[in-house]
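K.L.:
Sharing a structure here in structure tokens format.
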Amino acid sequence: MSDVPVSSQTWLQNFRPYVNGVRVKWPDLLLNIAAGESVELLLEFEYSYLIGDPESPLRLCSVPAAEEVGLVCDPPFGQLVEMAQGLISLTWIITATQTASGPFELHFEMPLYPGMPNSPLIPGAVLDFTRELDVTFDALAVGFAPDYHGYPCHGAAHTVTVKPRPDSRLLDKDIHLVTDAALAGVIVSPAPPTVQRLTAEGITWQLDCRATTEDKGFALQLAVVESGVTSLPLAMSLGHNLVTAYRWTQAQSGHGDWYSHNIRATSVFLNKPAPGVPVTVSVSGGGTSSGITNYLGEYSRASMDNWGITLTLTNRYDGSVV
């Protein structure tokens, strides 16, 4: 054991903290994590006299207990980790589970080293965007979480509106949108990363898809300026996601009693044939299969009679079936 006296300054003198690779001074440490996301907390101790000391193993602790706020850590909270010879840093990955929410405090301990106080407190909070905000895609309820998905349409202009709930911690905070929508040809306005104040009236962005032609996916995320926390993505799949259906049946000449059952999808917004639309094939007496409309917006299924086959289209935009 070293004879060097220890105090609360020992942590400041021997350890340099980093959050997600960025050096942060001890008094400025603040861990804000979006539910479902992770943060990397690293302690660098390259020139510390504590390296290799058998009484220097340290552990990261959570108050309240980690399970109460839905935090998971690797290495686990409370597990001793050695400052072994040859190391210059140690890293903890802290993850907020999907159900996590609320404030917390972390600190480091060196319980085997006599007289060593705990490190300065590291305050933090888990922010669950699905609990803080009401989000709509046009009039459809969505959210910044894997359970939600939006389906914008070629030829349409959509809106995404974010409103804070009355007790939201995001009320009157500055936020901005993070998105790769431009790669899909979608024009977003106000253009990211325009910073806006989230008042009780909420904020609306327009997704202009009127000139898009290619089916592509993109995502939307919210970033909080003050804390740097970014929400989980709200996935968007651009395509012919709202269509009408036209059906017809015709005998197949030269094929005996065979008939073809046909359906054509037409884009509601473009009034043009819509390729790539999911088709459900239902057979009388039970059984279903699936297909997709071709480049003409059509799908056909043959049978030996002119009944017993039903073709329907699923509108991914709102879940309606036509």
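The values are calculated or read from the model by the stated rules, or taken from the named source; none is laboratory data. Keep in mind that what you see is a predicted model, and the values were worked out from it rather than measured. Neighbour counts are summed over all protein chains in view; Cβ atoms, including those assigned to glycine, are modelled from backbone coordinates with ideal geometry. Please note that ligands, DNA and RNA were not included when accessible areas were found on the heavy atoms of the full protein model with its side chains. Shrake-Rupley method; radii C 1.70, N 1.55, O 1.52, S 1.80 Å.
K.L.:
Would you confirm, using the coordinates I've provided, whether Leu311 is outside any loop (DSSP other than H, G, I, E, B), touching a residue at least 60 places away in the same chain (Cβ under 8 Å) and open to solvent by less than 40 Å² (accessible area, probe 1.4 Å)? So that I can check it myself, show each step before the final result.
P.N.:
Numbers: outside any loop (DSSP other than H, G, I, E, B): yes; touching a residue at least 60 places away in the same chain (Cβ under 8 Å): yes; open to solvent by less than 40 Å² (accessible area, probe 1.4 Å): yes.
The answer is yes for Leu311.
Condition check ((1) touching a helix residue (DSSP H, G or I) at 6+ places or on another chain (Cβ under 7 Å); (2) on the phi < 0 side of the Ramachandran plot; (3) hydroxyl-bearing (Ser, Thr, Tyr)) across all residues:
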| residue | (1), (2), (3) |
| --- | --- |
| Gln206 | no, yes, no |
| Gly217 | no, yes, no |
| Ser231 | yes, yes, yes |
| Leu234 | no, yes, no |
| Thr244 | no, yes, yes |
| Asn262 | no, yes, no |
| Ser267 | no, yes, yes |
| Ala274 | no, yes, no |
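K.L.:
On to the next question. Specify the residue that is most open to solvent (accessible area, probe 1.4 Å); the eligible residues are those in region 99-117 that are in a loop (DSSP other than H, G, I, E, B) and under 21 Å from Asp74 (Cβ atoms). Spell out how you get there, then give the answer.
P.N.:
Let us first name the residues in region 99-117 that are in a loop (DSSP other than H, G, I, E, B), namely 99-101, 110-117.
Now restrict to residues that are under 21 Å from Asp74 (Cβ atoms): 99-101, 110-111.
Working: Thr99: 106, Ala100: 1, Ser101: 39, Met110: 3, Pro111: 64 Å².
Here the residue is Thr99.
K.L.:
Okay, moving on. Which condition from (1) at pLDDT below 95; (2) open to solvent by 20 Å² or more (accessible area, probe 1.4 Å); (3) under 23 Å from Glu226 (Cβ atoms) is the one that Gln13 breaks?
P.N.:
Among (1) at pLDDT below 95; (2) open to solvent by 20 Å² or more (accessible area, probe 1.4 Å); (3) under 23 Å from Glu226 (Cβ atoms), the lone unmet condition for Gln13 is (3).
K.L.:
Scan region 133-157 residue by residue and report those that are assigned to a loop (DSSP other than H, G, I, E, B), under 18 Å from Glu37 (Cα atoms) and open to solvent by less than 20 Å² (accessible area, probe 1.4 Å). Spell out how you get there, then give the answer.
P.N.:
Going through region 133-157, the residues assigned to a loop (DSSP other than H, G, I, E, B) turn out to be 138-139, 143-148, 151-152, 154-156.
Imposing the further condition that a residue be under 18 Å from Glu37 (Cα atoms) reduces the set to 143-148.
Once the filter is applied, which keeps residues that are assigned to a loop (DSSP other than H, G, I, E, B), under 18 Å from Glu37 (Cα atoms) and open to solvent by less than 20 Å² (accessible area, probe 1.4 Å), region 133-157 yields Gly143, Phe144, Ala145.
K.L.:
If you take the residues of region 278-308 that are over 19 Å from Gly155 (Cβ atoms), open to solvent by less than 40 Å² (accessible area, probe 1.4 Å) and β-branched (Val, Ile, Thr), which of them is modelled with the highest pLDDT?
P.N.:
This residue is Val279.
K.L.:
Anything in region 16-31 that is more than 17 Å from Leu60 (Cβ to Cβ) and either surrounded by 13 or more Cβ atoms within 10 Å (Cβ to Cβ) or free of Cβ contacts under 8 Å to residues at least 60 places away in the same chain (or both)? List them, or say none.
P.N.:
Going through region 16-31, the residues more than 17 Å from Leu60 (Cβ to Cβ) turn out to be 21-23, 25, 27-28.
Hits for region 16-31 are Gly21, Val22, Arg23, Lys25, Asp28.
K.L.:
Tally up the residues in region 254-274 that are open to solvent by less than 80 Å² (accessible area, probe 1.4 Å) and at pLDDT 95 or above, please.
P.N.:
Of the residues in region 254-274, 9 are open to solvent by less than 80 Å² (accessible area, probe 1.4 Å) and at pLDDT 95 or above.
K.L.:
Okay, moving on. Are any of the residues in region 48-56 at pLDDT below 95, under 29 Å from Val224 (Cα atoms) and not charged (D, E, K, R)? Outline the logic, then answer.
P.N.:
Here is the first cut: in region 48-56, the residues at pLDDT below 95 are 48-56.
Filter once more, so that each one left must be under 29 Å from Val224 (Cα atoms): none.
Within region 48-56, none of the residues are at pLDDT below 95, under 29 Å from Val224 (Cα atoms) and not charged (D, E, K, R).
K.L.:
When you scan region 164-173, do you find a residue that is in contact with a Leu (Cβ under 6 Å, 6 or more places away or on another chain), open to solvent by less than 10 Å² (accessible area, probe 1.4 Å) and modelled with pLDDT under 95, even just one?
P.N.:
So the first thing to find is which residues in region 164-173 are in contact with a Leu (Cβ under 6 Å, 6 or more places away or on another chain), and the list is 164, 170, 173.
Filter once more, keeping what is open to solvent by less than 10 Å² (accessible area, probe 1.4 Å): 170.
Next cut, modelled with pLDDT under 95 only: 170.
Yes; the residues of region 164-173 include at least one that is in contact with a Leu (Cβ under 6 Å, 6 or more places away or on another chain), open to solvent by less than 10 Å² (accessible area, probe 1.4 Å) and modelled with pLDDT under 95.
K.L.:
Continuing with this model, one more query. With (1) over 30 Å from Val224 (Cβ atoms); (2) touching an Asp or Glu at 6+ places or on another chain (Cβ under 7 Å); (3) at pLDDT 95 or above; (4) open to solvent by 20 Å² or more (accessible area, probe 1.4 Å) as the list, and Ser2 as the residue in question, which single condition is left unmet?
P.N.:
Only one criterion is unmet by Ser2, namely (3).
K.L.:
Still on this structure, I have one more. Residues that are open to solvent by 20 Å² or more (accessible area, probe 1.4 Å), basic (Lys, Arg) and more than 11 Å from Phe15 (Cβ to Cβ), at least 1 per element: which strands (runs of 3 or more DSSP E) completely within region 38-98 meet that?
P.N.:
59-63
K.L.:
Would you mention how many residues in region 191-211 are surrounded by fewer than 16 Cβ atoms within 10 Å (Cβ to Cβ) and in a loop (DSSP other than H, G, I, E, B)?
P.N.:
Of the residues in region 191-211, 10 are surrounded by fewer than 16 Cβ atoms within 10 Å (Cβ to Cβ) and in a loop (DSSP other than H, G, I, E, B).
K.L.:
Then there is this: For region 106-116, what are the residues that are of a type outside the set (A, V, I, L, M, F, W, C) and closer than 24 Å to Val69 by Cβ? Reasoning before the result, please.
P.N.:
Just the residues of region 106-116 that are of a type outside the set (A, V, I, L, M, F, W, C), to begin with: 107, 109, 111, 113-115.
Matches in region 106-116: His107, Glu109, Pro111.
K.L.:
Same structure again: If I ask for residues that are touching a Ser or Thr at 6+ places or on another chain (Cβ under 7 Å) and in a loop (DSSP other than H, G, I, E, B), which ones from region 158-182 would you list?
P.N.:
Asp172
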